[in-house]
1. Residue-wise, which Karplus ³J(HN,Hα) couplings in Hz belong to the range A:293-303, taking 6.51 cos²θ - 1.76 cosθ + 1.60, θ = phi - 60°, and x for glycine or proline?
2. Where nothing but the Cβ of Lys and Arg (+1) and of Asp and Glu (-1) is charged, how large is the charge dipole of the range A:428-541 around its Cα centre, in debye to the nearest 20?
3. Under 10 Å, Cα contacts only: if you run a Gaussian network model on chain B, which one of B:L229, B:L322, B:L48 comes out with the highest mean-square fluctuation?
4. Give me the three principal axis extents of the protein assembly as shown from the C-alpha atoms, as integers in angstrom, largest value leading.
5. Less than 10 Å Cβ to Cβ from B:K114, Lys/Arg counted +1 and Asp/Glu -1: what total charge do the surrounding residues give?
6. Highest GNM mean-square fluctuation, chain B, Cα pairs closer than 10 Å: which of B:G359, B:G198, B:G62?
7. Which number do you get for Rg(Cα) / (2.2 N^0.38 Å) in the range A:385-513?
8. Round to the nearest 10 and give me the degree value, 0 to 90, for the angle of helix A:786-880's Cα axis relative to the longest principal axis of chain A.
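Values quoted throughout were computed directly from the atomic coordinates according to the rules given, and no laboratory measurement underlies them. Just so it is clear, the structure is predicted and the values come from calculations on it, not from any experiment. Heads up, the Cβs are rebuilt from the backbone with ideal geometry, glycines too, and the neighbour counts pull from every protein chain shown.
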Amino acid sequence: MMNKDLQAILNIVQHALHLSEEEKNEIINALKSANKELEVTFFKLERTEKVKHTTAILLEETIEELESKRKSVEAQNKELEIESSLERVRTVAMSMNKPDDMLLVCKTISEQLGLLKVKEIRNVQTAIFYKERGIYMNYEYYAKHNKTVITETEYTNHQIQKDFAEKMQKGNGEFYTSQLTEAEVKDWLTYQKTTNVFIDEYLNNASSLNYYWYSLGSVALGISTYKALNEEEQSLFKRFLRVFELSYRRYLDIEKAEAQAREARVEASLEKVRAIAMSMNRPDDLLNVCEILFKEFAAFGFAGLRNAMVNIHDDDNRTFVNYDYSDEIGKSTNHLTYDIHPVIKKQIAQIRSSNDAFSETVFSGRDLEDWKKFRKEIGEKDDPRLNKSTALYYYFYSIGSGSIGISTFGAIDEEKTKLLKRFRNVFNLSYQRYLDLALAETQAKEARIEAALERVRSRSMGMQKSEELKEVIQVVFDQFAHLNIHIEHTGFIMDYKSREDMSIWLADNQKVPSQITIPYFNSPHWNSFREAKEKGLDFFANYLNFEEKNKFYRELFEHIPGLPQDTKEFYLTCPGLAISTVLLDNVGLCIENFSATPYTEEENKTLMRFGKVFQQTYTRFLDLEKAEAQALEVQKRASVDRVRAEIASMRTKTDLERITPLIWNELNTLGVPFIRCGVFIMDEDQQIVHTFLSTPDGKAIASLHVPFGFDLSIITNGIKHWGNKKRYKEHWDANQFVKSWTVLSSLGETAVDNYSGEQIPESLYLHMLPFLQGMLYVGNDALLTEEDLQLVQNLADAFSTAYARYDDFIKLEAAKLTVEKTLVDLKQAQQQLVQSEKMASLGELTAGIAHEIQNPLNFVNNFSELNRELLSELAEEAEKGNTEEVKVLANDIRENEEKINQHGKRADAIVKGMLQHSRSRTGAKELTDVNELVDEYLRLAYHGLRAKDNSFSATIKTDFDESFGKINIIPQDIGRVLLNLFNNAFYAVTAKKKSTGSAYEPIISVSTRKAENRTIIAIKDNGTGIPQKMVDKIFQPFFTTKPTGQGTGLGLSLSYDIIKAHGGEIEVNTKEEEYTEFVIQLQS
Amino acid sequence: MKAKSIKGVSPDEIQLALQQSMPDNFKPTLAFLFMSINNDIDAVSGLLELQSIRIFGATTGGEFIDGEIGSGSIVILLLDTSPSQFKILLQDYRDQDPQALARKMAVEAKEIFKNPSFIVSNSIRPTDESAFLLRDIFMKTIKSVAGKETIIWGGGAGDDFAFDETIVCTNHETMKRGILMLVLDGDKIQVRGEAASGQKPVGTEKIITKAVGNWIYEIDHKPAAEMVLKYLGLNLSQKEAETFNPNELNVVFSVSRDKGEPVLRGAGLFNWKDNSISMLGSIKEGDKIRLTLPPDFDVVEEVRINAERIKKEEMPEADALLMFSCIGRLSQFGPLMGEEIEGVRKVFNAPMAGFFTYGEFGRARNGGNEFHNNTCCWVALKEK
């Protein structure tokens, strides 16, 4: 697309007639070229225009940015200036350590604001508010005056101040501002002039007064100006406020920390007082309290401190004790009366008015001189400082029963008074505790004494034996020690009224025998004792110095044999001897110590109280002595009885091992001293000594059996002395002990080892006391007294009697054994007889059965023979073709076969019955037809007899009651009874037949019938009968009327047992030579 | 190596030109095909395939073989170099991790030649949020595999300012999301070029305060598009803005790097709804940018003088020339554009083809391999 103008030229050129084509083309090309140039130029212009535009924008932007950067740098510079100003304020504020330092802070703020071009600053100030007092402390710096002022300002009097104070006290963050006009300023100045504030004369010409206050809670920072601050200036001031706030808070924290530190110091100080008061254990310790108080008060800067005091009042006596301390004079204690001086009287009255009372007294001028004189009069220590002083102050706080206080040469301020009160409070608590403790201690002491006495009392009452008195005295000793009474000896003086010597039971830590008896000898102590005894005194005390004591003891040792040398030396080296003795009714109690410190009154009082308790002990002791004498007698008797009883219960040799523990126990019971014991039984028949010995702990060891001729003196001499009924003693040392028991070991008895055990006695006295059967042995490490030996002899005698009975019993036992053996033999014989009876009855049965079986067998044989023949006939007839005959014959054969079969069955039944009979009697009951049973056994008996004697015959009559059914019995057993009875019957009739001849017809009648619930079977024969004298015996075992060898005598006995076992009855009715009838009744 | 450049406005013209180029025993083996996306790519590649010529093809924002700049046309630079001295790789990155794919391709190239030189192009969908970021990734990936000093040149395919779809192709494949690599045997073929822009950063430095993908939403906390319009001196109403086509506005930012020279990033699309602009290369939040002004007109002369210096000092002769010039330069240079192209061509006096790209791969004088905007990259090839 060509430029319009060029196109126009082109058109002209193309249509120009005067130009040649060549010229035209030249021009056209030039035009085209020009057009191209133009196009490029236009493009360039256009693009340059665009770029210019963009560049302009970018330039503008860049300028803007530069400007903003410049502003930012300016702001930064300004900020830096502010920051450095703030930093200056911060530095000043941070170094605040008291409120007054706020003045410098105000000044610095003011100066820095000035540097930061804040104009017309009047002042910079802070205010600390005290609401309860309606005031604030105003710390101000007036810039134009270059003046700092601190004013306590009452803010309730003027509305401006009121509004300001109220707003500020609303809390942190509150802002107060007010702009006073020129007129208002005048009024305000007029008012100010009526107050104590600094009067700023510039206000006279000021056109305005502007306040800007910011509250930080308890403090506020403000600025006042003669010209209102713009917003920027206000926010600038606020930044100073922030700096001030941080610093001020830090200042408050520091102040708080300092207050805490101060408080901690007070607490630490109080703690010292508390500690010393807590550790008090007697009134004089109050002086230590005063000392601490003094030192602490001094440390707290009590100016002109003279002394610290504690007064303890005694209202009852109107007296008081004054404890005081000062570094100059030291500790002193004064006992004074309430009324000694009017001032003191007044002070005490004040103090007593309440538990929290405070008393303040000032002496000066004449009063002071009088007071100094008075002090001298009552003999108080001279106080040089007081002499020089012109005034004297007393400050006391009540502690209830007294006061605590100080005196000073100058007045103390309120803070110090408060501090004094705090010390009072702490002391008071501890002091009350001390008082409580003191009271408690007295009570505790009394309780301890009571408890100690109670222990003695209960031990006394608990005495079971008189000798336990030594334990009681030990308890007394322990209790004195427990009560912290210095004691090295205590003694019971026994029966002193009735004796002319000293019998003392002792307890101590030395090895003095617990019971000693000493004659009176001339010594200060014994003399005092005798004097007291004569005068009937209940108490005396003695004190021996070193020499006196040693003299006394040297003489005393003469009367105490065997006292170890070191014990003696102990007594002789002690510094002295103090003894207190209380005398009661025939008994005394004394306490002693060797450190030569006499017992205090209190301790002696305690001793008296122990004495009273001991009186009871003594009574109990006497009762026990009496009772023990009686008891010993009873014991002896009881012991002997026990030995008898025990031995009487012995039945076997093994029982004899109980001998040793028995002897051991009894010796213990009788109180005989011993370490071993035993019994030697002399067996003359076998020439053996049976020894029963104890182990060292009283257990028995297996008996040793030592031959008479054994070569050991205790054996040989033992036997010899026993023969002579004499006691025998022998002594073994350890070697002999071992040797003797080695010899005894050769007997091969392992138990010997147990005897010696591990304890081989160093010294052993063997006492052998004779009795009828041997010797009683008691071994001890010392010889036994005659008294003890007598006790042992009693025991031996008792043992003897008892042992004799044991011996008899052993013999009796042997005899009994013989009889028992015979009885056993007899029983065995009986069992054999029962067996043979059983076999006999079986033999009888077998005979009967054989007959019974023979019959059916005959039938079987006969019919089978017959059938054989008939079969031959049958064969013949069959050949002949005789059919009729064949039929007849066949029929016969069948009939015969039936009979064979029938009889075979019968034989079978018989055999079964026999088998049943031969079974043992363990059969069970079963329902049985009694009639059948009777019939069967009747036939068995009959045929059995017939088998033995075929000449026998008898008439048998049966009468069976068919009305009853089966009953529950053991059929074999009842069968045996029946068989027995039938046999007897047959025997009886046979015997009669033999004796009477043919005229006699034997008849056996058997009947059964039912009566109520019973089944009755009666078997009667008309045989020989039973003689009346024999009737009672027939059911006894082994009784028989049969010749020897024909009956066991057990048949009826067994029958009787069987019927009884069935719960039935069997009885006999008989008449000699006429009949016998047995009737059996069985339960249906 | 012999080279010829041909052009045409249709496949028919190309067929004719191709025939005419080959009677004198010229047997080309490789063709750089730069053509309008609106022309028939398949037809043209079919013609080349008939002659067994391997194709390195890309659609353009305008194409040229001399000082005359075509639009909607087809240009081809034909080379008869031995097939053993080059290899063309093309991969679709749509379903793959583009970086992994680029790495794979670079590794393959490295396996083919000991010292590979790369001529690369790629196609994108310009409206995709991260479309322009890909080229930076490709560049970095190839560098990391083949080495920092590796020779890499090329340009992103264009679509005649439509900013819709672009295409790269070889003989049988055209891809809308493809990475195209011509791998040359560096030991056999010398490759030398230079990237120049002449853009001048001006004004104060600004910070990208909000960006998503390659879209800038805020610069110094102000809406990005608004700010750009201000620079351009345009006061548009909302309605005007919505219909405004910014394609030729040629807004280019210089993005400063922690190390090395700043890179140029041209603005692509405006989104008037949220006042954002997309960049034709990677940017991120926090990047410091300055607006640039277009080069002075004498930059054309400067480019030529530099080319002459290179010719004199390093490469007295060239067999062929390629040129990848940013599409933005079209509006910057207007009728002068041809001068820049022709200036370089005349220096070497060798056959040339080139196109207006959507971003350029290459290195500026004294710089490293980068992906650029608004530069002109010329590349001379010479068989050793």
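1. Result, rounded to whole Hz: 4, 4, 5, 5, 4, 4, 4, 7, x, 6, 5.
2. Computed about the Cα centre, the dipole is about 40 debye.
3. Highest fluctuation of the listed residues: B:L229.
4. Extents along the principal axes: 223, 182, 75 Å.
5. For residues surrounding B:K114, the net value is -2.
6. Among B:G359, B:G198, B:G62, the largest mean-square fluctuation in the Gaussian network model of chain B belongs to B:G198.
7. Working: Rg = 28.3 Å, N = 129, 2.2 N^0.38 = 13.9 Å.
Against the compact-globule rule of thumb, the ratio is 2.03.
8. Helix A:786-880 sits roughly 60 degrees off the main axis of chain A.
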